1. For the condition within 20 Å of the chain's Cα centre (by Cα), outside any loop (DSSP other than H, G, I, E, B) and modelled with pLDDT of 85 or more, what is the one hit in B:154, B:94?
2. Sort out which residues of the range A:306-315 are at the interface with chain B (Cβ under 8 Å from one of its Cβ atoms) and not in a helix (DSSP H, G or I), and write them in order of number.
3. Check A:52, A:98, A:63 and return the single one that is more than 16 Å from residue A:253 (Cβ to Cβ), crowded, with 21+ Cβ neighbours inside 10 Å and of a type in the set (A, V, I, L, M).
4. Filtering the range A:46-94 down to residues that are polar (S, T, N, Q) and in contact with a Gly (Cβ under 9 Å, 6 or more places away or on another chain), which residue is nearest to residue A:307 (Cα to Cα)?
5. Suppose the filter is among the charged types (D, E, K, R) and more than 11 Å from chain A (Cβ to nearest Cβ); does residue B:155 pass it?
6. Being at the interface with chain A (Cβ under 7 Å from one of its Cβ atoms) and under 30 Å from residue A:306 (Cα atoms) is the filter; apply it to the range B:159-189 and report the residue that is nearest to the chain's Cα centre (by Cα).
7. In the range B:1-40, how many residues are in contact (Cβ under 8 Å) with a residue 60 or more places away in the chain and not in a helix (DSSP H, G or I)?
8. I'd like the full set of residues that are away from chain A (no Cβ under 12 Å), within 24 Å of residue B:184 (Cα to Cα) and of a type in the set (Val, Ile, Thr), limited to the range B:103-140.
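The values are calculated or read from the model by the stated rules, or taken from the named source; none is laboratory data. Worth saying up front: this structure is predicted, and the values here are computed from it rather than measured. We place every Cβ from the backbone using ideal geometry, glycine too, and count neighbours over all the protein chains shown.
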Amino acid sequence: MTNKIFFLMVIAGVPLSVIGSLMHWSQTLMFIIYCLTIVSLAAYMGRATESLAVIAGPRIGGLLNATFGNAVELIISIFALKEGLIGIVLASLTGSVLGNLLLVAGLSFFIGGIKYKRQHFNVHDARHNSGLLMFAVIVAFVIPEVFSMEMTETKSFNLSVGISIILIILYLAALFFKLVTHRGVYQRGEESTEEHEEPEWSKGKSIGILALATVAVAYVSESLVHTFETVGETFGWSELFIGIIIVAIVGNAAEHASAVIMAFKDKMDVAVEIAVGSTLQIALFVAPLLVLISIFFPVNMSLIFTLPELIAMGSAVLLTVVIANDGETNWFEGMTLLAAYVIMGIGFYML
Amino acid sequence: MTNKIFFLMVIAGVPLSVIGSLMHWSQTLMFIIYCLTIVSLAAYMGRATESLAVIAGPRIGGLLNATFGNAVELIISIFALKEGLIGIVLASLTGSVLGNLLLVAGLSFFIGGIKYKRQHFNVHDARHNSGLLMFAVIVAFVIPEVFSMEMTETKSFNLSVGISIILIILYLAALFFKLVTHRGVYQRGEESTEEHEEPEWSKGKSIGILALATVAVAYVSESLVHTFETVGETFGWSELFIGIIIVAIVGNAAEHASAVIMAFKDKMDVAVEIAVGSTLQIALFVAPLLVLISIFFPVNMSLIFTLPELIAMGSAVLLTVVIANDGETNWFEGMTLLAAYVIMGIGFYML
Amino acid sequence: MTNKIFFLMVIAGVPLSVIGSLMHWSQTLMFIIYCLTIVSLAAYMGRATESLAVIAGPRIGGLLNATFGNAVELIISIFALKEGLIGIVLASLTGSVLGNLLLVAGLSFFIGGIKYKRQHFNVHDARHNSGLLMFAVIVAFVIPEVFSMEMTETKSFNLSVGISIILIILYLAALFFKLVTHRGVYQRGEESTEEHEEPEWSKGKSIGILALATVAVAYVSESLVHTFETVGETFGWSELFIGIIIVAIVGNAAEHASAVIMAFKDKMDVAVEIAVGSTLQIALFVAPLLVLISIFFPVNMSLIFTLPELIAMGSAVLLTVVIANDGETNWFEGMTLLAAYVIMGIGFYML
């Protein structure tokens, strides 16, 4: 059903994106068309990656998921970076972290918890992820913020580059840990057996769709970025709000949906993996990669968030770590995370 | 014994409060009389609420305890709010959070721990409470502080109102979770059986005493608030210190005592419930309610604490979460919490 | 082997320290000689303390280790304090905390984890230590920083003195808890039996060596402190960097080595005890002791770190608490801690 809708959206959205931009339709209308087209293309990229992952087996599959999982967001951000819209890029990174940790995990816990009284997920994974969340946000994002207060801009960009390299190394080490040295070490026995999945598409078809969708996303993203200014003025939205709420939701919509569906099927391990795994990918891989890419662009991007962004991410991480610590969830824990998201959403809207 | 003392204090305190204020006794003397009278009236309110809770059964009883538990503090704060003493109200909220988390829990752990080598309380409750503490202090109190730095006063009050509404909704949801959907789900089996308590007073007597004591507390609180200025000048105490140490202790003295007694009887579940439950009530219910009430007063109260207040509460929450995380206590953990309280006390005294 | 090297280093280092200073050798050369001499003398002090601890039995032994464990750092700091180099003293305290929590624990987890897939240490000790770490850094170091923002210098020093006294009392209470009231209460059974160690040296020899080495360390430390200015200028190192990286590593090198060796032997309890125990000693004993000692020196030292120092320590503590919480380690957790150390190192170098 959803697959059909996404099919229609792609079939209609891509040509409309081209036609509309040629015929100079209203920016607001184009903004909506671009957003919907990207959401549906992202769904195709997700399915293609999933098929390839099943074909390639768990190791390479894990690597594929880890690399392409946030491809859409990465593409949008690169085009925003090229335009020098650093504020929007940092805001969309913040938005992804908050969206995944609070909105996606919150909705999953809440909706799953309405059906099941108590839901469980792997405690070892939760703790492994907690450590990485603390590292990424409380160490790697906080340090440049505080240390660069008295630095020149060049120095503070150099510090960001150094930290970014370390983040990417640690991200690769985390993949190596999870997929090679400690694969299955912390798994509960029963789950490993039921993984005889069939891929949805063949290898050739998957690669073809992935390539086509990526190109299409890139094209539409570039156009999308150019509508931000007008849309912001029209609705009275700040750069911050567009980045944190709009870009983050468009870039992650498909993932969000599947996490909630998994929670509803009581597969909390998968739901948490999507929410927290995606956060870690953003913080440990996408964010530092964008810093490094910005070396080649006219405007360099330091890893320095605004204070509200940093505090919001820090609070979200501490809250998640404490709530997820026991490997158990219920509807109220979900509601607590959602309440935190709403509070931050109001805050960013009013800024 | 204590009951007799409180009886004498009420019998003497209420008339003395009236006579003294008519005859213009010294403000310092009146301040002491008011404080002692409120402490003893609070004890009566506590006993009446307890009796009603036993009669009404656990669900409605839980609700009653949750609503009337901090009634005294709420009443004093409303009168202070009416006088525009926002600094004192915020300080007394801070003082209640610190007093409950550090002083009450600390004393309970310490005194209980001198008698018993290791004491235990329900880990599930501890974790549920930890999540809520983090939400209330680290998210709901921190966000307005940071976000309103660059806001106009009106905007920052609007943000506070929005956050307050969410806090109260979450507080009601927490009650619903605890008393309805997940009642007894996380309980250790043995305890549920021993709850065939007899109420101390009949329903009619309880309601009568509760009503009378509430009116008396209201009367005395209004007078108490008017002595703050003179007392502050006489002893060289700042508004902050009066709010954080004096008002907080007067408003919570009765509760403090019963938590320690419970710890001494090795009923750590109850002791922790009083200390942490009361903190949550202050943070999730009393504080946001005062913000909403202040809409109708000449001076609006935003949910914006001073930086020392916020940092002290944040530190206290993080310390408590880490210490209470394992559901086990000993005298040294109590001493650590008390040491934190003393450090903060010295700090606020010297500010 | 290492013992022989240290023997040669002492035999050569002490006379060279005297000769070089008399003959006015280059300050940079002297700086290197002083550092190496102190490292080797510290190894002797460690062995002498260890022998005395074995002879005296676990209680007095624990006390000895606790008191002399950071003697070298204390001595260097006192001489720096005497010279009024407060910035370097605070930086070296910061460096010891970061070095022990991130570098030593990180290396131990990493190197131990390469040999063993999963390593375990006592969860109860980990939680006890977590509580104390939070207390020391998040409460006792954060409070004076924030509260003294609007205080005069005298007031803020008085606050520091008050907090220091409480820290030392809590440190003594922690020793009393660990060595007297709760000795062995949280121990896993097997370990207590294997402790029939033989002391390396006799009582007389140990005391003699300890006394001689302490005097020598004191002499060399005084000289070392005088080279800081020239060395800083020569290499372009800030006071902060010298304190945080150089002094901290020189003062703790011997300990660092033995923690890693213990991890390699899968004795994680001992490795963690060295790393975290040493941090607690610095924060709860050495730092406040230096504040109190500074009363008798011309320049008083408040317990007020620079913001980068405080944030770095706070981040390190939160990260360690989350990572060590489950009593289990692996190479990736070690690498995470090391990555945090490198990030902070780069930051302090660039400041």
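1. Among B:154, B:94, only B:94 is within 20 Å of the chain's Cα centre (by Cα), outside any loop (DSSP other than H, G, I, E, B) and modelled with pLDDT of 85 or more.
2. Once the filter is applied, which keeps residues that are at the interface with chain B (Cβ under 8 Å from one of its Cβ atoms) and not in a helix (DSSP H, G or I), the range A:306-315 yields nothing.
3. So the residue among A:52, A:98, A:63 that is more than 16 Å from residue A:253 (Cβ to Cβ), crowded, with 21+ Cβ neighbours inside 10 Å and of a type in the set (A, V, I, L, M) is A:52.
4. For the range A:46-94, the residue satisfying everything is A:94.
5. So residue B:155 does not fit the description; no.
6. B:170
7. Final tally of qualifying residues: 0.
8. none
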